[in-house]
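Trainee: Here it is, the structure, as structure tokens.
The values are calculated or read from the model by the stated rules, or taken from the named source; none is laboratory data. For clarity, every value in this text was computed on a predicted model and none was experimentally measured. Note: ideal-geometry Cβ built from the backbone for every residue, glycine included; neighbour counts use all protein chains shown. These accessible areas exclude ligands, DNA and RNA; they are computed on the full protein's heavy atoms, side chains included. Shrake-Rupley method; radii C 1.70, N 1.55, O 1.52, S 1.80 Å.
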Amino acid sequence: MIHAYDDCYLPSAQTALADYFDYVINGCGIAPDLAAALLAQSPWGRQFECGNPSVVAGMSGTELAQAVLRDSFAVVDYPGSEMEIGRSPEYWAGWCLAAFQWRFASSFKDIFRKVSFSEILSWYPLYHEMGQDQFDADLVELLAERRGDANLKRIREARGLSQSALAEKAQVGLRSIQMYEQRVNDIDKAQARTLYRMARVLGCSIDDLLENPNC
């Protein structure tokens, strides 16, 4: 499995994301799902996903939160940081999410589009004494249930093309298209020329075909 970034940064990333949610929600009084949305749409969140060392290791969670808030609301004055580290459900959820995002190289936008941060917080009473593996397994299952059709299938059908027609026009193997649409093979790891040929036939960008365009 290819992780989002080098694992040497993971402990710092977990601490930073845990502190981000604790600070924004408990320190600044921002609703949980808004806190998640602000991170997902922020350039800082995208740099975090990619494992930019200056963000995942060079910023505290409070500094990350203040950068996100500054970009979102032009906030100048920030509340003090007085959280009891590791004690809040928000801290726990951020800690687990950082490990999940690193392990599966998912984007926050993709995660929160299907499972809200509030829903993840609701897992705290049952999950906070379980291991990360159980959290990951259940979140993977829930995301899969809510994922819907692959982008390739959705766009292909919108263009009125069958799988065989796309295969012929794009000069891509029919079986490859079937495997991408069933998510047996990861289209994000397809060869650039394969993606280019399909995108050209479908009249879309390569990014439109990707399931988890990161960085």
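Trainee: Kindly indicate whether LYS109 is modelled with pLDDT under 90, of a type in the set (D, E, K, R) and open to solvent by less than 70 Å² (accessible area, probe 1.4 Å).
Mentor: Working: modelled with pLDDT under 90: yes; of a type in the set (D, E, K, R): yes; open to solvent by less than 70 Å² (accessible area, probe 1.4 Å): no.
No.
Trainee: Another one. Sort out which residues of segment 1-36 are open to solvent by 40 Å² or more (accessible area, probe 1.4 Å), closer than 20 Å to GLU90 by Cβ and of a type in the set (A, V, I, L, M), and write them in order of number.
Mentor: The answer is ALA31, LEU34.
Trainee: Moving to a separate point now. Among (1) part of a loop (DSSP other than H, G, I, E, B); (2) within 12 Å of THR62 (Cα to Cα), which single condition is GLY29 missing?
Mentor: So the condition that GLY29 fails would be (2).
Trainee: Looking at segment 112-135, which of the residues that are of a type in the set (Phe, Trp, Tyr) and farther than 18 Å from LEU210 by Cα is surrounded by the most Cβ atoms within 10 Å (Cβ to Cβ)? Talk me through it step by step, then tell me what you get.
Mentor: Going through segment 112-135, the residues of a type in the set (Phe, Trp, Tyr) turn out to be 112, 117, 123-124, 127, 135.
Still in the running and farther than 18 Å from LEU210 by Cα: 117, 123-124, 127, 135.
Values: PHE117: 25, TRP123: 19, TYR124: 16, TYR127: 19, PHE135: 21.
The extreme case among them is PHE117.
Trainee: Could you please find all residues in segment 146-187 being open to solvent by 80 Å² or more (accessible area, probe 1.4 Å), of a type outside the set (A, V, I, L, M), more than 13 Å from LEU209 (Cβ to Cβ) and within 29 Å of the chain's Cα centre (by Cα)?
Mentor: ARG146, ARG147, GLU157, ARG175, GLN182
Trainee: Which members of segment 101-146 meet the condition of being free of Cβ contacts under 8 Å to residues at least 24 places away in the same chain and small (Gly, Ala, Ser)?
Mentor: SER122, GLY131, ALA137, ALA144
Trainee: When VAL55 is evaluated against the numbered criteria (1) surrounded by fewer than 23 Cβ atoms within 10 Å (Cβ to Cβ); (2) free of Cβ contacts under 8 Å to residues at least 40 places away in the same chain, which criterion, by number, is the only one it fails?
Mentor: VAL55 satisfies all of (1) surrounded by fewer than 23 Cβ atoms within 10 Å (Cβ to Cβ); (2) free of Cβ contacts under 8 Å to residues at least 40 places away in the same chain except (1).
Trainee: Same structure again: Are there helices (runs of 4 or more DSSP H) fully within segment 124-187 with at least 2 residues that are within 30 Å of TRP95 (Cα to Cα) and not acidic (Asp, Glu)? List them. Can you show your working first?
Mentor: On the way: elements: 124-127, 132-145, 151-158, 163-170, 174-181.
Here the list reads 124-127, 132-145.
Trainee: Report the residue count in segment 84-99 for those that are part of a loop (DSSP other than H, G, I, E, B) and either open to solvent by 40 Å² or more (accessible area, probe 1.4 Å) or modelled with pLDDT of 95 or more (or both). Steps first, please.
Mentor: In the first step, residues of segment 84-99 are kept if they are part of a loop (DSSP other than H, G, I, E, B); the result is 84-88.
So of that shortlist, the ones also either open to solvent by 40 Å² or more (accessible area, probe 1.4 Å) or modelled with pLDDT of 95 or more (or both) come out as 84-87.
So the answer is 4.
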